[in-house]
Amino acid sequence: MRRIAMWSGPRNISTALMRSFENRADTYVIDEPFYACFLKATGIDHPGRDLILKKQSTNFECILQGLTQQKHVQASIYYQKHMCHHLLPDMDRRWLDKVTHAFLIRDPRMMIASYVKSRETVTLADLGLLQQDELFDRTADKLGAAPPVVESADILKNPEAMLKKLCTSLAIPFDSAMLKWPEGKRDSDGIWAPWWYANVEKSTGFMPYKELVINLPPALERLAEKCMPVYEKLMKFKL
């Protein structure tokens, strides 16, 4: 089984990309398996926190076992949607050597503008850029080469071309089923879906790319500037 860990920050088309993979007949997906662990360890207040802690496992070892050992009937691909900031510094990294990694990036200014629509406060740690940088470097060191990096804007501009490139880089065949999916909710969606997934639940494919005019207040603009070095570094390696 090919186990693919896709590492992203929030508000990035990460759920749409999960939909895309889930629509393949050969793929099983999981949505942010470390979210409850992250909330329990940090005590941070997120929308739906109590419900997430009630419904999702916080047993790190059991989660790891599922990610690295569990088999799924009729699935040869296990797609894991991860938020970079959910993997906290004291969490075991050894399991990372058992999966194939890819990285999804987006302009930090766009991420921030979207994030604050659902949660009023946002910090550098919330966006996961520094954690994404660490995971990218670790993976590159292990591989001896850069792992796949895709940018959300590139996928929206040309879904078929970019998904073909991504599949090739992951050593899996492209499937045209990745381009369209049925509208609606999924059993695989995290329990937090009501707070974050309204748009993707209405979608039947990747939304057309739109050039947005972003006007952030000064404090958020400064936050975006802190994110830019990592974003610009990963941009150099994108497919």
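Taking segment 160-194 as the range and being under 30 Å from Leu39 (Cα atoms) and either in contact with a Ser or Thr (Cβ under 8 Å, 6 or more places away or on another chain) or surrounded by 18 or more Cβ atoms within 10 Å (Cβ to Cβ) (or both) as the test, the residues that pass are Glu183, Arg186, Asp189, Gly190, Trp192. With respect to Leu96, determine if the residue is under 15 Å from Cys84 (Cα atoms) and touching a helix residue (DSSP H, G or I) at 6+ places or on another chain (Cβ under 8 Å). Answer is yes for this residue.
For segment 35-57, does any single residue satisfy the condition of being assigned to a loop (DSSP other than H, G, I, E, B), on the phi > 0 side of the Ramachandran plot, within 12 Å of the chain's Cα centre (by Cα) and not basic (Lys, Arg)? There is no residue in segment 35-57 that is assigned to a loop (DSSP other than H, G, I, E, B), on the phi > 0 side of the Ramachandran plot, within 12 Å of the chain's Cα centre (by Cα) and not basic (Lys, Arg).
Each residue in segment 195-209 was checked for being in contact (Cβ under 8 Å) with a residue 40 or more places away in the chain and exposed (fewer than 12 other Cβ atoms within 10 Å of the Cβ), and 1 of them qualify.
Go through segment 1-28 and give me each residue that's closer than 22 Å to Asp92 by Cα and either assigned to a strand (DSSP E or B) or acidic (Asp, Glu) (or both). Correct list: Arg2, Arg3, Ile4, Ala5, Met6, Trp7, Ser8. Kindly indicate whether Leu88 is free of Cβ contacts under 8 Å to residues at least 60 places away in the same chain, surrounded by fewer than 19 Cβ atoms within 10 Å (Cβ to Cβ), under 18 Å from the mean Cα position of the chain (by Cα) and in a loop (DSSP other than H, G, I, E, B). The answer is yes for Leu88.
We did not get these values from a lab; they are worked out from the coordinates using the rules stated. Predicted model, so just to flag it, every value in this text is computed and none were measured. Virtual Cβ from ideal backbone geometry, glycine too; neighbours counted across all protein chains shown.
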